[in-house]
1. If eta is 1.567 mPa s and T is 4 °C, what Stokes-Einstein diffusion coefficient results for the chain, Kirkwood Rh from Cα pairs, in µm²/s?
2. Taking trypsin sites (Lys or Arg not before Pro) as exposed when DSSP calls them loop (any state but H, G, I, E, B) and at most 16 other Cβ atoms lie within 10 Å, what is the longest stretch of the chain free of them, the sites themselves excluded?
3. Could you report the chain's accessible area per residue, 1.4 Å probe, as an integer in Å²?
4. As a test of the formula, what do you get for the chain when each DSSP H run with n ≥ 4 contributes -39,500 (n - 2.57) and the sum is divided by the residue count, at 222 nm and rounded to the nearest 500 deg cm²/dmol?
5. Stretched out fully, how many nm does the piece from D77 to K62 gain, at 0.36 nm a residue minus the Cα gap?
6. Quick one: which residues, 5 or more positions from G56 or on another chain, have an amide H under 5 Å from its amide H? H modelled 1.01 Å from N in the peptide plane, none for Pro or chain starts.
7. Tell me, which longest segment in the chain has none of the GluC sites (Glu not before Pro) that fall in DSSP loops with at most 13 further Cβ atoms within 10 Å?
8. Considering only protein heavy atoms and a probe of 1.4 Å, how much of the accessible area of region 6-121 is carbon and sulfur, as a whole percent?
Amino acid sequence: IVPQAIKSIETVEGNGGPGTIKQLNFAEGSQFKYVKHRIDELDKEKMIYKYTLIEGDALMDKIEYISYEISFEASPDGGCKSKNVSVYHSKPGVEIKEEEIKDGKEKAAAVFKAVEAYLLANPDA
């Protein structure tokens, strides 16, 4: 869907449920090479997905890990609202400034929008 951002995604271990570890390999020209995520919770009924970025150069030797929670809620007009929460856990003695993570958040939002557009155009995907 976004080959300019993500080169490939590999399952390192697991079957896609909680405990699964996936590696995202970024496209050529990206400032980062890869990250590994661990799926912490996948609740299809409540439409909640929790995962943790556990490894990769995007942690910049400043961050222990980043926890994410994405949830979807049906809206009255037939669509849905999404909520995306990121919690950064810095290494001891390291302070993270908002400007340091702003670029990454913007890139992640762009990928999310591209996936949303793809799914709207291809509802059976």
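The values are calculated or read from the model by the stated rules, or taken from the named source; none is laboratory data. Everything numeric here is computed off the predicted structure, so don't read it as measured data. Positions of Cβ are backbone-derived with ideal geometry, glycine not excepted, and every protein chain shown enters the neighbour counts. When the accessible area is computed, the model is the full protein with side chains, heavy atoms only, and any ligands, DNA or RNA have been set aside. Shrake-Rupley method; radii C 1.70, N 1.55, O 1.52, S 1.80 Å.
1. 81
2. 63-96
3. On the way: 8830 Å² over 125 residues.
It amounts to 71 Å² per residue over the chain.
4. My calculation for the chain gives -7000 deg cm²/dmol from helical runs alone.
5. Working: separation 15, 0.36 × 15 = 5.40 nm, distance 4.23 nm.
Gain on stretching D77 to K62: 1.2 nm.
6. Amide H neighbours of G56: K36.
7. Counting at most 13 other Cβ atoms within 10 Å as exposed, the longest clean stretch of the chain is 46-94.
8. Of all accessible area on region 6-121, carbon and sulfur atoms account for 53 percent.
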